[in-house]
């Protein structure tokens, strides 16, 4: 528990590192870190890895939510996950949705105490010991991906698990992958297509 | 271009963010920071009262940080006038500070109603760090604390007062709480929630006088009734600190009138935060939005323009969120527009309320009230902000919301709100980390 809190702040994936110690993580990650530092301070995160989401592949198994909540809060509790699977068209289609690590970082620029910073993995990450729980970030983020942990009274968001996102690791169909990609509205077209039927039903019921 | 002499007046949110951004942008000009108080965040003071954090947590720029930014500081000083023709800021004690460009970010002060005894002992504001220290020292575990005022600022303090005092009474002159933050229905939910948790609410109650009584006070209300208490916290409004500029060259309406680059009527004098009157993002009207995120964005925009980047400020989106005793209340944009088309949902047993205001297919304002466990399980607060900010056309989805006002996620995603928002940045590039 304690180790994991610390890992959130430092951006190092304690659990993941332990679980997959076989992989030579250190050497693999070093160049990326250096690249991130070289790109600072004002340049974008073009060359960074991001969560690429292909909702067509999502089966709605919710393993991403479970893995996320376990990594982030030590509890298998989807309500505490910072990735959420949206159920569409009467629960026949599903789409995982989480922070896009947007260029502006609305949460980060709104925080009055500088409690949200860019981690070495390129994620906007909450520093738990700085966050006072004022919720300003939750109304500043226009994506609805700034969450709040009611028990700890802290803001909570996707921090890319320090560079080894557990949602992607847990996804059995490759609907969530962690790759070099630009930021996109991964869900928009899919959500529009998979709610047309529902929408028509509701609209006629509303008459 | 030779390095400029930047003078920043005020060390609040706008001033410090201007300085941070100047250095992040690589501006090498000299920076002089003139401020009556050292840099700290007023937003954080309620959490200091709740004793979750120490006083130093409120600091927004430490002396070490200011030195790293190569900032010359004149703290404990106030400006008394501006020689805009000679490009000099006049300080108390007769000193003059020359500048090439100046940011006026003098913020607001708490105001008290003109009531006999309102300035007496036992009556506190909760606006400055000194105020917070005073309340923190005085409030005792079994104390009866009275909050005068039931606006947004009062409510940010309320958790702290509830956590520290034995008994809490809120006295508000308007006929309901949060009159400028949420509507009647929302205020009703919050009122019932608080009353059920032992807070006494006296709305429509005008304070006639305050008298010292032993170590406490007696508040006389308009009707003749008296409330005996140990401590009074006044949260009866704020006003921008602009008196020192009156009669000068700077055009002032409700705040300093600025253009899209946040320049005042004197082009090398900028204004930001609670003293700046800028465009409302939704309506385009010129308004003062004395809120933290607006001050932050103002400060950053001024810095970019001082650094020669010619950045246009897109406008301020009114937004607030307060959480009291486990109930969240938030509002965005034109939540009180009487001409707007309204879709609302009220689930009384769940203490949950949503109100959406529309101009055609565009959501122009929203209100959300719900217990925190529900708010954050559903997590639609930010999506409401995104819909108002982006102005996407919700079209047929309005009918959907009429059927189920609590299901905002599907309309948000399907209207491709994310695609609309992704290209938006305040300064035209990715924001760097606040701590490098």
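Figures for the structure shown
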| item | result |
| --- | --- |
| Region A:102-111, residues that are in contact with a helix residue (DSSP H, G or I) (Cβ under 7 Å, 6 or more places away or on another chain) and farther than 16 Å from residue A:148 by Cα | A:109 |
| Counted residues, region A:142-170 - those being within 9 Å of chain B (Cβ to nearest Cβ), under 13 Å from the mean Cα position of the chain (by Cα) and not in a strand (DSSP E or B) | 4 |
| Identity of the residue in region B:398-410, facing chain A (nearest Cβ under 8 Å) and surrounded by 22 or more Cβ atoms within 10 Å (Cβ to Cβ), that ends up nearest to residue B:321 (Cα to Cα) | B:410 |
| Test for residue B:355: is it away from chain A (no Cβ under 14 Å) and either surrounded by fewer than 22 Cβ atoms within 10 Å (Cβ to Cβ) or modelled with pLDDT of 95 or more (or both) | yes |
| Residue B:392 being out of contact with any helix residue (DSSP H, G or I) (no Cβ under 8 Å at 6 or more places or on another chain), within 24 Å of residue B:321 (Cα to Cα) and more than 8 Å from chain A (Cβ to nearest Cβ) | no |
| Output for region B:265-281, where each listed residue is surrounded by fewer than 24 Cβ atoms within 10 Å (Cβ to Cβ) and touching a residue at least 24 places away in the same chain (Cβ under 8 Å) | B:266, B:268, B:277, B:279, B:280, B:281 |
| Candidates B:326, B:386, B:365 - the one that is buried (at least 17 other Cβ atoms within 10 Å of the Cβ), within 11 Å of chain A (Cβ to nearest Cβ) and either without any contact (Cβ under 8 Å) to a residue 60 or more places away in the chain or touching a helix residue (DSSP H, G or I) at 6+ places or on another chain (Cβ under 8 Å) (or both) | B:386 |
| Contacts under 7 angstrom Cβ, first residue in region A:97-111 being at positive phi, partner outside any loop (DSSP other than H, G, I, E, B) and surrounded by fewer than 24 Cβ atoms within 10 Å (Cβ to Cβ), 6 or more apart | A:101/A:50 |
| Set B:427, B:413: member being crowded, with 21+ Cβ neighbours inside 10 Å and facing chain A (nearest Cβ under 7 Å) | B:413 |
| From the options B:190, B:170, residue that is assigned to a strand (DSSP E or B) and surrounded by 22 or more Cβ atoms within 10 Å (Cβ to Cβ) | B:170 |
| Hits in region B:413-430 (condition: in a loop (DSSP other than H, G, I, E, B) and touching a helix residue (DSSP H, G or I) at 6+ places or on another chain (Cβ under 7 Å)) | B:415, B:416, B:426, B:427 |
| Matching entry among B:180, B:176, B:202 (being surrounded by 15 or more Cβ atoms within 10 Å (Cβ to Cβ) and either assigned to a loop (DSSP other than H, G, I, E, B) or at pLDDT below 95 (or both)) | B:176 |
| When residues of region B:206-264 are limited to those that are without any contact (Cβ under 8 Å) to a residue 24 or more places away in the chain, out of contact with any strand residue (DSSP E or B) (no Cβ under 6 Å at 6 or more places or on another chain) and in a strand (DSSP E or B), the one nearest to residue B:176 (Cα to Cα) | B:213 |
| Conditions (1) in contact with a strand residue (DSSP E or B) (Cβ under 9 Å, 6 or more places away or on another chain); (2) in contact (Cβ under 8 Å) with a residue 60 or more places away in the chain: number failed by residue B:287 | (2) |
| Among the candidates A:200, A:191, residue that is in contact with a strand residue (DSSP E or B) (Cβ under 7 Å, 6 or more places away or on another chain), within 11 Å of another protein chain (Cβ to nearest Cβ) and assigned to a helix (DSSP H, G or I) | A:191 |
| Qualifying residue in region B:381-397 (condition: in contact with a strand residue (DSSP E or B) (Cβ under 8 Å, 6 or more places away or on another chain), more than 30 Å from residue B:27 (Cα to Cα) and assigned to a strand (DSSP E or B)) | yes |
| Where residue B:418 falls short, out of the listed (1) within 7 Å of another protein chain (Cβ to nearest Cβ); (2) at pLDDT below 95; (3) more than 25 Å from residue A:127 (Cβ to Cβ) | (2) |
| Residue among B:68, B:23 that is at the interface with chain A (Cβ under 10 Å from one of its Cβ atoms), farther than 29 Å from residue B:139 by Cβ and without any contact (Cβ under 8 Å) to a residue 60 or more places away in the chain | B:23 |
| Members of region B:27-56 that are under 16 Å from residue B:69 (Cβ atoms), in contact (Cβ under 8 Å) with a residue 60 or more places away in the chain and part of a loop (DSSP other than H, G, I, E, B) | B:27, B:29 |
| Residues of region B:370-383 satisfying the condition of being more than 7 Å from chain A (Cβ to nearest Cβ) and within 22 Å of the chain's Cα centre (by Cα) | B:370, B:375 |
| Which listed residue is more than 7 Å from chain B (Cβ to nearest Cβ) and at pLDDT 95 or above, from A:173, A:181 | A:173 |
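The values are calculated or read from the model by the stated rules, or taken from the named source; none is laboratory data. Keep in mind it's a predicted model, so treat the numbers as computed, not measured. Every residue, glycine as well, gets a Cβ built from its backbone with ideal geometry; the counts of neighbours run over all protein chains shown.
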